[in-house]
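Novice: What follows is a structure written as structure tokens; I'll ask about it next.
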Amino acid sequence: WRIKAELADIDPRFIRALLAIEDKRFYRHSGVDPLAIIRALRSWRRAGRAVSGASTLTMQLVRQLEPRKRTLGSKIIESLRAVQIELRLSKSEILSLYLTHISYGGNIEGIEAASQIYFAKHADQLTDGQIALLLALPQAPEARRPDRRPVAATSARDEILSKLHAQGLLTTQQWREARQEIVPRSRHEISQKSWLSAHKLRTKIKPKYRHIRSSLDRGLQDKTERLAANATQDLSFNVSVLVIDNKTMKVRAHIGSAGPDRPGGWIDMTARARSPGSTLKPFIYGFAFDDGLSAPGSFILDAPTRFGGYQPENFERRYHGDVKIHEALAHSLNVPAVLALDKVGSKRFAAALKLSGTPAHAAKGETGLALALGGAGLRAEDLAVLYAGLANGGQVRPLVWLEEGQGGDAYQMMRPESVAKITKILRQAPTPSGRVPHWLIKNAHPIAYKTGTSYGFRDAWAAGYTDEWTVIVWAGRPDGASRIGQTGRIAAAPILFDVFTFLPRPGKTRPYERTENAPRGLQNFGGERDQAPQLLFPPDGAEIAVPIFGEKGRGLTLSARSAGRDTLRWFVDGVPITAQTYSAQAIWKPARPGFYKLSVVDQTGTSTNAHVRVMDLNANTSFK
């Protein structure tokens, strides 16, 4: 362990005591002290052995930087190198280097690391006894280690105390009290809290600032760190969390990794671009609302659809025909989201992300319609900016990392009216398993949230916000390994809701009621339910182009849904389809072009029909 020593952060009493014991003429010599050499030679001649050393602090620094055997030749080299250092560096720089590199036994170098490991405090908070011990240890680091040889350490400390008392640096009372202090017999762990946050701040802020006051809230940071560590106890994956104060855009908690022992634990995953899965869908629909293309109660088709060479699929590969926008968003249906992005314009949407300061990272530059389903990378920091923008009425601003920092320029990404509609939909999302819905808890956080899962279960996301807070959670493996079955709802949403449990709750606000905030067009419970099977594809009146007819053709996939989960039967012009019949799907290979009547029948005999036209794709026909 080595921590850089700043003289301004070290107890001045320690500096005075160090110079008094080790190098009285430190500020008067040029790396070698001739008077100390003469004194050492005289004492050696009288005693017949080495009694006192002649090494200056600069020579001791050379010994730390360039270890050599203790010989006369090494001493000469150390003296020459000490003079070189004195010609290049100031006395303050030399002293700082010395206090950074001097050995304190074991794997400890420097006064700051020694102070934290032996005394669990910084080097500007030392007692007289602790100062004496830190002066004694470098003289024989292993022989005097207090955690292994406390008796030797105590004796050496008391000897230093007596020297300081004799030189007038300690009063008799201070000397007596210092001797009563107990030498530590164990080591403390150096605090590793927020190590990735500290690194981010140091790299973001200009080097001229030695002390940085971050925007992090220590209480929230500690609780979030513990939560992340508990969630990853099996050490098979990692998580990152961001907590944002929406009003100021200040980052109040930042967890780049749950711990260095987790997979990729030394990587700040809040700053790495990953596939955002479905987390951009609310913004796509928001743009559609802005453009007047749709409303929450508008219908949109959920059926197999091809966009040129791109054919998206729903997560469970089930399709539901005409659904309302709020249903498509609440159930995170993929095809409707791609349809909406196609209407909005993928280039326009990507440009809006870039203007918001959250550009999508695509491998080949072009994002295309795949952007709706996580086809381009975004960072957790980017999602924090976007979702906090929803909480702020569609106005996005950059994150603020310093307590004294101010938010940057704002960009109005979408109209407040559209944001309000999106928020109402996202507040209807069901809570994770085992958690009481927030509308049933008095004065609870009315969380609007969206989950996302990237292709192959590589990234699990949960992004949520209230009027006061925005929380972004990522769960996965930094190496991109798949975690089968670990969706955003399963792996990330529970952590998001746990974070909200310890965030300060809103003050005097009306309890959130689900029904009054239901989006326009949302069906209420009650009334008669249509028990007939629903034919999802093809819809009634559809015209379908088929490239090859007969048994050699690939066939059309017919899809339906049964209200009672019954086994369904399929008919074409009254003739049953016998090959490849499934409960909800069937493969039909038309024999020739023409008009057909498709029927799907459940076990009760209830049927639904669709009249379709089948055309030859290879014929010289112009399709509108």
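The values are calculated or read from the model by the stated rules, or taken from the named source; none is laboratory data. Just so you know, these numbers come straight off a predicted model, no measurement behind them. Don't worry about glycine lacking a Cβ; one is built from the backbone with ideal geometry, like all the others, and counts go over all protein chains shown. Note: areas computed on protein heavy atoms with side chains; ligands, DNA, RNA excluded. Shrake-Rupley method; radii C 1.70, N 1.55, O 1.52, S 1.80 Å.
Novice: Can you give me the long-range amide H partners of Lys250? Hydrogens built in the peptide plane at 1.01 Å from N, cutoff under 5 Å, separation of 5 or more residues or another chain.
Specialist: Sorted by chain and number, the residues that satisfy this are Asp245, Val400.
Novice: Ok, one more. Over the Cα atoms of the stretch 218-369, what is the Rg over Rh ratio if Rh follows Kirkwood? Could you put the intermediate results ahead of the total?
Specialist: Values: Rg = 18.8 Å, Rh = 18.0 Å.
With Rh from the inverse mean 1/r over Cα pairs, Rg/Rh is 1.04.
Novice: Taking each pair of distinct Cα atoms in the chain once, what is the resulting Kirkwood hydrodynamic radius in Å?
Specialist: Working: mean 1/r = 0.0333 Å⁻¹.
Evaluated on the chain, it is 30.0 Å.
Novice: Here is a further query. Only bridges with both residues in the chain count here: give the DSSP antiparallel percent, nearest 5. Walk me through the numbers before you get to the answer.
Specialist: Numbers: 59 of 65 bridges.
Counting DSSP beta bridges with both partners in the chain, the antiparallel share is about 90 percent.
Novice: Here is the link list: Lys75/Lys121; Lys204/Lys247; Lys223/Lys424; Lys4/Lys223. Which ones come out longer than 24 Å on Cα distance? The partial results should precede the final answer.
Specialist: Values: Lys75/Lys121 36 Å; Lys204/Lys247 22 Å; Lys223/Lys424 29 Å; Lys4/Lys223 29 Å.
Beyond 24 Å: Lys75/Lys121; Lys223/Lys424; Lys4/Lys223.
Novice: Another question about this same structure. Considering only DSSP states other than H, G, I, E and B, which chymotrypsin sites (Phe, Trp or Tyr not before Pro) in the stretch 207-267 qualify as loop sites with at most 12 other Cβ atoms within 10 Å? Let's see the in-between values first.
Specialist: On the way: sites: Tyr209, Phe237, Trp266; in loops: Tyr209, Phe237, Trp266.
Within the stretch 207-267, the qualifying chymotrypsin sites (Phe, Trp or Tyr not before Pro) (loop, at most 12 other Cβ atoms within 10 Å) are Tyr209.
Novice: Another one. Could you state the principal axis extents of the C-alpha atoms in the stretch 89-209, from the largest down, to the nearest angstrom?
Specialist: Cα spread of the stretch 89-209 along its principal axes, largest to smallest: 49, 33, 24 Å.
Novice: Could I ask something else about it? When only the heavy atoms of the protein chains count and the probe is 1.4 Å, how do Ser607, Ser194 rank by accessible area, highest first?
Specialist: On the way: Ser607 55, Ser194 25 Å².
Of Ser607, Ser194, the descending order of accessible area is Ser607, Ser194.
Novice: Using a ≥ b ≥ c from the Cα gyration tensor of the stretch 185-258 (square roots of the eigenvalues), is it rounded, prolate or oblate, where a/c under 1.5 gives rounded and otherwise the larger of a/b and b/c decides, a/b for prolate? Don't skip to the answer; put the middle values down first.
Specialist: Details: a/c = 1.93, a/b = 1.20, b/c = 1.61.
Taking the square roots of the gyration eigenvalues as a ≥ b ≥ c, the stretch 185-258 is oblate.
Novice: Here is a further query. Which entries in the list Lys69/Lys163; Lys281/Lys324; Lys324/Lys354; Lys421/Lys450; Lys24/Lys91 go over 18 Å, if you measure between the two C-alpha atoms of each? Provide the component values of the computation, followed by the final result.
Specialist: On the way: Lys69/Lys163 29 Å; Lys281/Lys324 14 Å; Lys324/Lys354 29 Å; Lys421/Lys450 14 Å; Lys24/Lys91 13 Å.
In this structure, Lys69/Lys163; Lys324/Lys354 lie more than 18 Å apart at Cα.
Novice: A further question on this structure: Taking all protein chains together and a probe of 1.4 Å, list Asp290, Asp124 from the most accessible to the least accessible.
Specialist: On the way: Asp290 40, Asp124 80 Å².
I get Asp124, Asp290, largest accessible area first.
Novice: Follow-up. Please work out the average accessible area per residue across the chain, using the 1.4 Å probe convention, and give it in Å². The partial results should precede the final answer.
Specialist: Details: 31840 Å² over 624 residues.
The answer is 51 Å² per residue.
Novice: OK, next. For Leu536, list long-range residues whose amide hydrogen, built 1.01 Å from N in the peptide plane, is under 5 Å from its own amide hydrogen.
Specialist: Ser559, Ala560, Arg561
Novice: Here is a follow-up. Classify the stretch 165-291 as rounded, prolate or oblate from the Cα gyration tensor: take a ≥ b ≥ c as the square roots of its eigenvalues, call it rounded if a/c is under 1.5, otherwise prolate when a/b beats b/c and oblate if not.
Specialist: Values: a/c = 3.47, a/b = 2.27, b/c = 1.53.
The shape class here is prolate.
Novice: To continue, here is another question. Let a ≥ b ≥ c be the square roots of the eigenvalues of the Cα gyration tensor of the stretch 384-507; is it rounded (a/c under 1.5), or, if not, prolate (a/b larger than b/c) or oblate? Provide the component values of the computation, followed by the final result.
Specialist: Working: a/c = 1.65, a/b = 1.23, b/c = 1.33.
Here the stretch 384-507 falls in the oblate category.
Novice: Can you compute the helix-only [θ] at 222 nm over the chain? Use -39500 (n - 2.57) per DSSP H run of at least 4 residues, normalise by all residues, nearest 500 deg cm²/dmol. Mind showing how you got there, number by number?
Specialist: Values: 18 runs with 198 residues, N = 624.
So the helix-based figure for the chain works out to -9500 deg cm²/dmol.
Novice: Quick check: at a probe of 1.4 Å, how many percent of the accessible area of the chain sits on carbon and sulfur atoms? Walk me through the intermediate numbers first.
Specialist: Values: 16270 of 31840 Å².
C and S fraction of accessible area: 51 percent.
Novice: Also, I was wondering about something else. Going highest first, how would you order 167-173, 609-615 by mean Cβ packing within 10 Å? Walk me through the numbers before you get to the answer.
Specialist: On the way: 167-173: 12.6, 609-615: 16.1.
Sorting 167-173, 609-615 by mean packing, highest first, produces 609-615, 167-173.
Novice: Quick one: which residues, 5 or more positions from Ala545 or on another chain, have an amide H under 5 Å from its amide H? H modelled 1.01 Å from N in the peptide plane, none for Pro or chain starts.
Specialist: Met615
Novice: Would you rank Thr358, Thr557 by solvent-accessible area, highest first, keeping every protein chain in place and using a 1.4 Å probe?
Specialist: Working: Thr358 0, Thr557 65 Å².
The ordering from most to least exposed comes out as Thr557, Thr358.
Novice: Loop by DSSP (not H, G, I, E, B), at most 14 other beta-carbon atoms within 10 Å: where is the longest site-free stretch of the chain for GluC sites (Glu not before Pro)? Provide the component values of the computation, followed by the final result.
Specialist: On the way: sites that count: Glu142, Glu189, Glu313, Glu316, Glu366, Glu403, Glu404, Glu513, Glu528, Glu551.
Counting at most 14 other Cβ atoms within 10 Å as exposed, the longest clean stretch of the chain is 1-141.
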